[in-house]
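All remarks here apply to the structure that follows.
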Protein chains: 2
Amino acid sequence: MAVKKSKRDELVEVAQKLFYQHGFRITGIDTILEHSGVAKRTLYNHFKSKDELVVAALNKRDLEFMAMIKKYVAKFEKQQEGDPKYARILAYFDALSEWFNSDKFNGCMFINASAEYPRKTDPIHVVCENHKRLVLQYISELISEIKLREPDEVALQLSLLSDGAIVCAHTTNMLNAAEIAKTTAMLVLNAYRT
Amino acid sequence: MAVKKSKRDELVEVAQKLFYQHGFRITGIDTILEHSGVAKRTLYNHFKSKDELVVAALNKRDLEFMAMIKKYVAKFEKQQEGDPKYARILAYFDALSEWFNSDKFNGCMFINASAEYPRKTDPIHVVCENHKRLVLQYISELISEIKLREPDEVALQLSLLSDGAIVCAHTTNMLNAAEIAKTTAMLVLNAYRT
DNA sequence: TTAAAAGTACACCGAACAGTATACACAACA
DNA sequence: TGTTGTGTATACTGTTCGGTGTACTTTTAA
């Protein structure tokens, strides 16, 4: 039985999809209303401005993205060879690959948003910054069981690889970017092994 | 003595700066005209549409970016320690660092453009793809004197690191991203050494 | 000198933009 | 029953958007 969604949730869901697929500034309020079948007044009863809706969409995306990645990591973790301590972090790069090859892939929504809202103090830009921090934290967790010389430094390097792969896959359509990043990641992990 | 610029060049120069600093869709034709002091009719005598101006701005940026990077690489090449064969590629990451810390830094203009024009067939998106390919080729050159087991694979890994650093520096304002990437790069080069 | 090329000013177009006003419908709940 | 909260439709605001039409001026080069 389908859970009845509030109008607010419907708006955020539709907005998130359109923003991700086509961009933020190019997607008008009216387009979102058409796709969601909600009245304009209702939108502005829930959100003070388009920017607020953008923030809500990004926050929703943040939750869904983390859930997706964690699901894939759990799935690919079992398929890793070698030392089981490394299974989770290596599965992360397989998770990226799965994401890149999905038909809806259009880069990282937060990197895209940062490009369209470059002012560092802009609430939208701040949300993106926070998301990236969250991913870094997650990567830290994934390597926490491995005994490494400088775990924080390693996490940063892997996070950088992750972003590089995402951008590469998006702008140059190089869908094997995740595998390349995975290769580098193994190198890094090996180098910092105690 | 200053070289007299054509109106076309003036337009492209102003457009490039505004697009890079604020974004593409947010920057209107009228704003570009105000900043350049050129008549609207003149713009549309040189360009069929705003999109054509965007492409011209990106092509100019492509030239200037490569020139900037090459200049910095030449500068930092001399300051590298260790095997001189590695000097150029390591200088590349110092070049990135210099760029990140300049006051005009606002991420990679081509990554930003890809975000705003996501359609893979869009001429604007294609220009971005070509730029990334050019950078990859340049990285290949930088490592060409080093004897490596799989130079193409290494170039891809380093290019990925480069993009990761750029994005990281832009969205999370982590200005030492280039140093982190450099550390990883040294790891990669070491691993593929013959 | 003269004629073409390039640039200007300015009014204008229809469409889209974010956001508001108003009046009405429907549901829940007390 | 009455009230309150939520959503609806529709029209409208003022502004900006990309782009055009036209008539005039300036520059350039044969």
Subject >> B:M68 paired with A:K5, simple spin-label distance in nm, labels 7 Å along Cα-to-beta-carbon >> reply: 4.2
Original post:
Given charges of +1 on the Cβ of Lys and Arg and -1 on the Cβ of Asp and Glu, with all other atoms neutral, how large is the dipole of segment B:144-194 about its Cα centre, in debye to the nearest 20?
Top reply: 160
Original post:
Helix hunt in chain A: which complete DSSP H runs extend at least 24 Å axially by C-alpha with mean Kyte-Doolittle at least -0.5?
Top reply: A:50-77, A:123-142, A:151-171
Original post:
Mind checking which of B:E98, B:E81, B:E141 has the largest fluctuation in a GNM of chain B, springs on alpha carbons under 10 Å?
Top reply: B:E81
Subject >> Members of segment A:111-141 that become less accessible by 20 Å² or more once partner protein chains are added (1.4 angstrom probe, chain alone as reference) >> reply: A:I111, A:N112, A:S114, A:A115, A:E116, A:P118, A:K120, A:H125, A:E129, A:K132
**OP:** Would you mind checking B:K75/B:K147; A:K120/B:K78; A:K71/B:K120; A:K104/B:K50; A:K85/B:K182; A:K17/A:K120 for any pair whose Cα atoms are more than 31 angstrom apart?
**Re:** A:K120/B:K78
**OP:** Whenever you get a sec, compute what percent of the accessible area on segment A:1-61 sits on carbon and sulfur atoms (1.4 Å probe).
**Re:** 51
**OP:** Set Lys and Arg Cβ to +1 and Asp and Glu Cβ to -1, take the dipole of segment B:97-179 about its Cα centre, and tell me which of B:C108, B:P151, B:P123 lies farthest positive.
**Re:** B:P123
Subject >> Accessible area buried at the A-B interface, both sides summed, 1.4 Å probe (Å², nearest 100) >> reply: 3400
Original post:
Any idea of the accessible area per residue across segment A:23-161, 1.4 Å probe, to the nearest Å²?
Top reply: 47
**OP:** Take the rotation relating chain A to chain B, measure from its axis to every Cβ in chain A, and name the nearest residue with the distance in whole Å.
**Re:** A:G164, 1
Original post:
Taking +1 at the Cβ of each Lys and Arg and -1 at the Cβ of each Asp and Glu, which of B:T172, B:P84, B:V73 sits farthest along the dipole of segment B:67-180 towards its positive end, judged by Cα position relative to the Cα centre?
Top reply: B:V73
Subject >> Exposed trypsin sites (Lys or Arg not before Pro) absent: longest stretch of chain B, with sites in DSSP loops and at most 15 other Cβ within 10 Å deemed exposed >> reply: B:150-194
Original post:
Near A:K70, which aspartates and glutamates are there with a Cα under 14 Å away, not counting those fewer than 8 places off in the same chain?
Top reply: A:D62, A:D94, A:E98, A:E141
Original post:
Once you charge only the Cβ atoms, +1 for Lys and Arg and -1 for Asp and Glu, what is the size of the charge dipole of segment B:1-118 about its Cα centre, to the nearest 20 debye?
Top reply: 460
Original post:
Under a plain spin-label model, where a point goes 7 Å from the Cα along Cα-to-Cβ, how far apart in nm are A:M186 and A:E81?
Top reply: 0.8
Original post:
Where the centre of each part is set by its Cα atoms, how far does segment B:1-67 sit from segment A:165-188, in angstrom?
Top reply: 33
Subject >> Electrostatic dipole magnitude of the protein assembly as shown [Cβ: Lys, Arg +1; Asp, Glu -1; Cα centre; debye, to 20] >> reply: 820
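The values are calculated or read from the model by the stated rules, or taken from the named source; none is laboratory data. As the structure is a prediction and not an experimental result, all values here were calculated from the model. Quick reminder, even Gly has a Cβ in these numbers, built from the backbone with ideal geometry, and neighbours come from all protein chains shown. Just the protein is used for accessible areas: all its heavy atoms, side chains included, with ligands, DNA and RNA removed. Shrake-Rupley method; radii C 1.70, N 1.55, O 1.52, S 1.80 Å.
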